[in-house]
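One structure below.
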Amino acid sequence: MQTRKKYIFLTFLASWLLLFFFGGDQLRRFAFFSGRKAEARRSWPRWTDRSLLQSFADPEELQRDGDPSPLSPRERRAAWLSGSRSSRCRMETCFDLSRCERHGFKVFTYPQERGQPVSETYGKILSSIERSRYHTLKPEEACLFVLGIDTLDRDHLSGHYVRDVDEKLRGFPLWNGGRNHLIFNLYSGTWPGYSGELGFDSGQAILAKASFDTRGFRPGFDVSIPLFPREHPQRGGRLRRGSLPPKKKYLLVFKGKRYLTGIGSGTRNALHHIHNGKDIISLTTCKHGKDWEKHKDTRCDKDNVDYERFDYQELLHNSTFCIVPRGRRLGSFRFLEALQAACIPVLLSDGWELPFAEAIDWGKAAVVGSERLLLQIPSAVRCIHPERVLAFQQQTQFLWDAYFSSVDKIVHTTLEIIKDRLSPHRSRSRFLWNALPGGLLVLPEFSTHLGDFPFYYLHHATPLLPIADRGPVELREATTPELEMAPEQRASEHRPGQEEEQAPHGTNLPLLPPQLSDRFFPFGAIQTDAVLSLDEDTSLSTSEVDFAFSVWRSFPERIVGFPTQSHFWDPEQGRWGYTSKWTNELSMVLTAAAFYHRYYHSLFTEYLPAGLRELVDGLAACEDILMNVLVAAVTKLPPIKVTQRKQHKEGVAQQEGCSDGAAGTPPPGQRSPPHPAAARAGGTAGPRRFSQRQDCLNQLADWFGYMPLVSSQLRLDPVLFKDQVSVLRKKYPSLERP
């Protein structure tokens, strides 16, 4: 018994000593020693292996997670992305805002290096900038600089890889460590890791990069752009499908290469698990690379046979959802292909900073999944309500057309996002970026209030009457209470500022310079939303003006007017034709007598590049066609013709059967002489003017990359127009008179 007690006591004593020796500090945290209770709760535990731990970690160790061991390729990529390129850069710290305050948002492109040609794709990017309204030839005026060195492909195995970029950048006096520079990149890294490394120090430059990893992306500074192929159009890029079927043949599809080894192979090797051969088609092929047969598995032969049974484009356009997994890089060409085909992208690319995510709400157009949850994708997409599916499809079409259909739009979207950062108080809201007609066509310089744009609101009207300077102008009060008169005088021969060009006594009329495109200048005198554009020889009754204005109030985003023209494709000459003949279709309402929203003056002057306005001034018979093309490009809708008036007084119209006194032409005694600018351009010579207008139409189609005009067979008349009822019951009886 004594021996037993002895061993129990020794065991208890040994346990107590061990507990006190190894866990004394931990016991103090439970405040067993009340005298030091407060101090014990505030102190850090003193671990027995504290001698092996460092007291503090420097910032470099924190960036690489303090791992002193050799890094794997994946870890090296993460370390490079997080630790280099001035990762703390923001617009406030790495961008000189003062350069943009002097001359506005101007972009200077470096001249290309001699003996160093750029790729076709980079040439398109430079051309997009040089043709835009942002471009300047003077570096001292520039807010942003774009290199003439091709930085798109930084894979050193590529034929377009440019060497010694660092050395070349140091030789540029404007480089300044990359400050106020924009660098475009589509491909970074190479086999086998495909890291985000560019191979040169970009410093404080903004990166517009495809396949951007979220860990290396600098929010509010860098811009993520889509990966697009070399064949992507410079401009234009129309949608391939005009309407969306209520239900497509397939629910979910994928057809592409699966990588047997290396980065990106994990997800693609698992795609066969969701294939059911019915409404879910997932096809992969092992034929990728030169040595694929060395790594092929037991499924390769069957997969290769099934792969050839289906056409990729047929699957793409006949499926509701399209799987967009990561490839070797995070981005994929099929992302834009799915958007164009109205196939809702199902994104399986963890860590990908989606293109233009700063502005675009991808939750309305794509399903963002996780690579680890691949097997849950089929059940997830089946649960999406049909109404939401339709909304997704419509949004894919809108986003494609607004931001991704051409290199021009990708580049301009990048520049506009950067421009919005410079003036946050005057930037576009996220709603404007994600609703028709899109952020590129909504100018924050005009307004930041939705009610000021024709797409969301309508208000009052202002008649706009350009008048040649041939003497005093008589102003008469408008008979329509909603209209306010604000006529304008056009200077024909002399520059403003000369004494003889002063406005008539007792009036406050701004003088227009002699350029024809300045007819659509956004004058401050135009305060109402609606603009009534009239030529000096136009004759309209008050009933016609009242009715046209009432129609415009229902369609404020369109041009509503009287004289019309139309366009057609001439297959023999291989070009667009222009006609003013009586036809069953119309595509233009001439601004000789038309209502439209005043916002289109701002778009015409500030959105269109200077080269396009110079084209109009050079032809001297083109400004109204350009206005129609612009409105059609914005709205994707045709203009609206009202009442029976058909022809406008043009030389060619007279030739084609519009005789004196025909509808839309004033009586001979009331006609004004032709405008001097039109006379200099041959306005009295019908065939020459007609030829100029046809040339104008074709040059505009070439500039836009497609023909924006939309044809219509619609004409609007009053409800009781020519009905067999009493004239007293009709609101506009005078419109029925010949």
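Computed from the coordinates by the stated procedures, all read-outs in this text should not be read as laboratory data. Predicted, not measured: the structure shown is a model, and the values here were computed from it. Glycine gets a Cβ as well: all are built from the backbone with ideal geometry, and neighbour counts include every protein chain shown.
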Pop a pseudo-label 7 angstrom from the Cα along the beta-carbon direction at both ARG4 and ARG426 and give the gap in nm to one decimal.
9.5
At q = 0.10, 0.17, 0.20 1/Å the base-10 log of I(q)/I(0) from the Debye formula over the alpha-carbon atoms of region 250-403 is -0.34, -0.98, -1.33
In the neighborhood of SER427, defined by Cβ-to-Cβ distances under 12 Å, what is the net charge if each Lys or Arg adds +1 and each Asp or Glu adds -1?
+1
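Ranked by Cβ crowding within 10 angstrom, fewest neighbours first, how are ASP297, ASP303 ordered? Provide the component values of the computation, followed by the final result.
Numbers: ASP297 11, ASP303 20.
Least to most surrounded, the residues fall as ASP297, ASP303.
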Could you go through region 316-328 in sequence order and give the Karplus-derived ³J(HN,Hα) for each residue, using 6.51 cos²θ - 1.76 cosθ + 1.60 with θ = phi - 60°, rounded to whole Hz, and x for Gly and Pro?
4, 8, 10, 10, 6, 10, 10, 6, 10, x, 5, x, 5
Of LYS278/LYS302; LYS124/LYS249; LYS209/LYS287; LYS209/LYS257, which pairs sit farther than 27 Å apart, going by alpha carbon to alpha carbon?
LYS124/LYS249; LYS209/LYS287
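Fully extended, how many nm does the chain gain between LYS722 and THR214 (0.36 nm per residue separation, minus their Cα-Cα distance)?
Numbers: separation 508, 0.36 × 508 = 182.88 nm, distance 6.62 nm.
Fully extending the segment from LYS722 to THR214 adds 176.3 nm.
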Please give the length that would be gained between TRP569 and GLU167 if that part of the chain were fully extended, namely 0.36 nm times their separation in residues minus their C-alpha to C-alpha distance (nm, one decimal).
139.5 nm
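Net charge within 13 Å of SER406 by Cβ-Cβ distance, Lys/Arg positive one each and Asp/Glu negative one each, not counting SER406 itself? Please report the intermediate quantities before stating the final value.
On the way: positive: LYS124, ARG131, ARG235, ARG238, LYS409; negative: GLU231, ASP401, ASP408.
For residues surrounding SER406, the net value is +2.
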So, how do all the Cα-to-Cα distances of region 510-588 break down into 10 Å bins, in percent, from 0 on up?
13, 33, 36, 15, 2
Could you tell me which of THR261, ALA366, SER349 has its Cα farthest along the dipole of region 250-403 towards the positive end, charges placed at Cβ (Lys, Arg +1; Asp, Glu -1), taken about the Cα centre?
THR261
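At R0 = 56 Å, how high is the FRET efficiency between THR448 and LYS296 if r is their beta carbon distance? Nearest 0.05 is fine.
Values: r = 58 Å, r/R0 = 1.04.
Efficiency, rounded to the nearest 0.05: 0.45.
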Normalised convex hull volume, region 306-370, alpha-carbon set, Å³ per residue:
99
Output for region 527-621: chymotrypsin sites (Phe, Trp or Tyr not before Pro) sitting in coil per DSSP, at most 15 other Cβ within 10 Å, listed by number, reads TRP582
Measuring from label point to label point, each 7 Å out along Cα→Cβ, what is the SER132 to PHE333 span in nm?
2.5
Please order THR635, THR542, THR190 by the number of other Cβ within 10 Å, starting at the fewest.
THR542, THR190, THR635
